[in-house]
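See below for the structure under consideration.
What follows draws every value from the coordinates through simple rules; no lab data is involved. Values in this document were obtained by computation on a predicted structure and should not be read as measured data. In this analysis, Cβ positions are derived from the backbone assuming ideal geometry, glycine residues included, and neighbour counts consider all displayed protein chains.
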Amino acid sequence: MDQLSTTHYDVVVLGTGLVESIAAAALARAGKSVLHVDANKYYGGNWAAFSYDALLQWAKQNEAPMVDGSSDGQQRPLAAHFAQTNQARYTNVRADEYAWPDATEVSASLASASRQYALELAPKLLAANGELVDLLVASDIGKYLEFRLLEAVYLLSDDQLERVPSSKEAVFSSKTLTLVEKRKLMKFLMFAGAYTGDETALDGFAERPYADYLAERFGLAPRLAAAIEHAVTLKPPLQTGVTTHQGITYTRDYLRSFGRFGPSSLLCTVYGGSEIVQAFCRVCAVFGGTYILGYDVVDFELSNDDAEQGVAALSLSNGQRITFDHLVSAVDYLPTAWQHRAIADDGMRVLRMVTVLDGSLAGEEAKTAVINFAPHSSAGNAEPVIALQMDSETHACPAGQRVVYAWTKAGDTAHDALDACMRTLFRTPDSTAAQDGTDVDQRPRALFSLRFEEHIRASRDGHSDSASHDTGASSLPAGVHVCDDPDADLDFGRAVRRARAIFDAITPGAEFLPKAPPVDDDDL
């Protein structure tokens, strides 16, 4: 392995997830010397997007038995620990190519088009008026990226996908709403869009269920109330028990995002969220950051300062010892003892599914969409289920196909509930056909699916969700700053806030990712 010419850095960053990469870019931009390391040979870590072949390889690695780092007598505590930690995060991994009559042709087609897929582990959208978009615009990093407007938002209602209107124009042109419903809905949308956060305006409903407020204060029928609570919103999609103050704030933020870039509140990233990761890594490199991929961290070395013991150095798998002042790290790289101190106890477990389809949702023209399954929908799910449909214009898949991402809380009934919801969107080979053998099912066919459960680990540092809260570092060696896993939210807000909290802890008072001066394209 190559040797680094510099062996001391202001900051060493372990992992190229989004939080780590935003922090690395901001720190390098502020003049810090940054070494950015990833044990993988690709960018993104748990935020990665894969080609078809690479996703299959990822699945095989995470289906494999746990790695015992000492089985061959070699001392590789952290390298082996990294593999074990990653497999503990992802469990019950299963990949399926579906056996249609032309199964051989389908399998060959998927493999031959492997590089035309960008299949994500943690898919997300950007709120047009959200924190990540604001950061990309203010820092000028957005110029490295390409986005598409999300075309539609749906809610499953009475076994049918109902397109949810979320603007004045969409409400007025809706053919599924009566005139009375349109008036009530418009009255509510105007009120929500102007909500200032003053809870006295909520007539005593602030801490009561949002659905009750929508029904009692605005007279919205259950169908419309469900659409508002679960579709016209930026709420975390798996959150339940939403209060009126929370709900109307989420709805207000959704409405205020509408129209910033066009007739949608949400944006899709072309090539997926890992493209955003690489944009921030590019900025870090432009401002002097050093990158090494495929290097393991073998060991950490603590300082001898009894007053405030910190991490003084680490050893890489190329044999080099690197010293530093601050360590920014994804959870996977931390020794087990540190993880227990770094991770909040109430991490969520989520069941995810990635499915490649041979066409769009039956009867729907939208190429990109969010599909919401509210609790106790006609599909029978007890917990919320969220799905995203991406197409070839986002480079998620080849032309003519679609990719559907879906997730819900993991649990005893989660797999059955997720399957029931997905059956409303697409078919698998066990679909029924007409008695004469003619296939009359109009749903698109599933060509491939991957499902897995993940443990979402949030750092104690950032668990308050405050941009200025970093007190959790006191339970770890001094100078260690822990990054969160990708969460189950629809947008990237938490990642931005965590990266900023880390930046503020290391460089208090410095400006967070100001717009860079012009650079020559040859420098990129």
Inter-part distance where the range 336-396 and the range 148-207 are each reduced to a Cα centre, Å = 22
Straight-distance crosslink candidates among lysines, where the alpha carbon sits under 27 Å from Lys143 and sequence neighbours closer than 8 are dropped = Lys32, Lys41, Lys124, Lys367, Lys515
Per the Kirkwood definition applied to all pairs of different Cα atoms, how many angstroms is the hydrodynamic radius of the chain?
-> 24.4
Amide H within-cut-off set for Phe324, under 5 Å, with H built and near neighbours excluded | Tyr9
Sort Ser449, Ser315 so the one with the fewest other Cβ atoms within 10 Å of its own Cβ comes first.
-> Ser315, Ser449
Which residues qualify? For Asp299, with a placed amide H closer than 5 Å and at least 5 residues away or on another chain, they are Ser315
Could you run the Karplus curve 6.51 cos²θ - 1.76 cosθ + 1.60 with θ = phi - 60° over the range 259-268 and give me ³J(HN,Hα) per residue in whole Hz, x for Gly and Pro?
-> x, 5, 10, x, x, 6, 8, 10, 10, 9
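What is the fewest-to-most order of Met390, Met190, Met422 by other Cβ atoms lying within 10 Å of their Cβ? Intermediate values should be presented prior to the final figure.
Details: Met390 28, Met190 11, Met422 24.
Going from sparsest to densest Cβ surroundings: Met190, Met422, Met390.
Share of antiparallel DSSP beta bridges in the chain, in percent to the nearest 5? All intermediate terms of the calculation are to be shown ahead of the outcome.
Working: 55 of 79 bridges.
Given both bridge residues lie in the chain, the antiparallel proportion sits at roughly 70 percent.
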Here the range 413-428 yields Karplus 3J(HN,Hα) values (6.51, -1.76, 1.60; θ = phi - 60°; whole Hz; Gly and Pro given as x) of 9, 5, 5, 5, 5, 5, 4, 5, 5, 5, 5, 6, 9, 8, 10, 10
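Are there GluC sites (Glu not before Pro) in the range 212-315 that DSSP puts in a loop and that have at most 12 other Cβ atoms within 10 Å, and which ones?
Values: sites: Glu216, Glu229, Glu275, Glu301, Glu308; in loops: Glu308.
Those that pass, being in a loop and sparsely packed, are Glu308.
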Derived scalar couplings ³J(HN,Hα) [the range 213-223; Karplus, 6.51 cos²θ - 1.76 cosθ + 1.60; whole Hz; x for Gly, Pro] | 4, 4, 6, 7, 8, 10, x, 7, 5, x, 4
Between Trp100 and residues 5 or more places away or on another chain, which pairs have amide H atoms under 5 Å apart, with H built 1.01 Å from N, and which residues are they?
-> none
Starting from the Cα of Lys187, draw a straight line to each of the lysines and keep only those under 24 Å, dropping any in the same chain fewer than 8 residues away.
-> Lys168, Lys175, Lys235
Ranked highest first by average number of other Cβ atoms within 10 Å, how do 372-378, 57-63 line up?
-> 372-378, 57-63
Between 0 and 90°, nearest 10: helix 179-193 axis offset from the chain longest Cα axis = 20
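Could you order the peptides 92-100, 160-168 from most to least packed, using the average number of other C-beta atoms within 10 Å per residue?
Details: 92-100: 15.1, 160-168: 18.7.
By packing density, highest mean first, the sequence is 160-168, 92-100.
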Once Glu511 and Arg94 are pulled to full extension, the length gained, defined as 0.36 nm per residue separation minus their Cα-Cα distance, is 145.7 nm
Only helices counted: for the chain, with every DSSP H run of 4 or more residues adding -39500 (n - 2.57) and the sum spread over all residues, [θ] at 222 nm is -9000 deg cm²/dmol
Order by protection proxy (mean Cβ within 10 Å, highest first), peptides 330-340, 38-48, 174-184 = 38-48, 330-340, 174-184
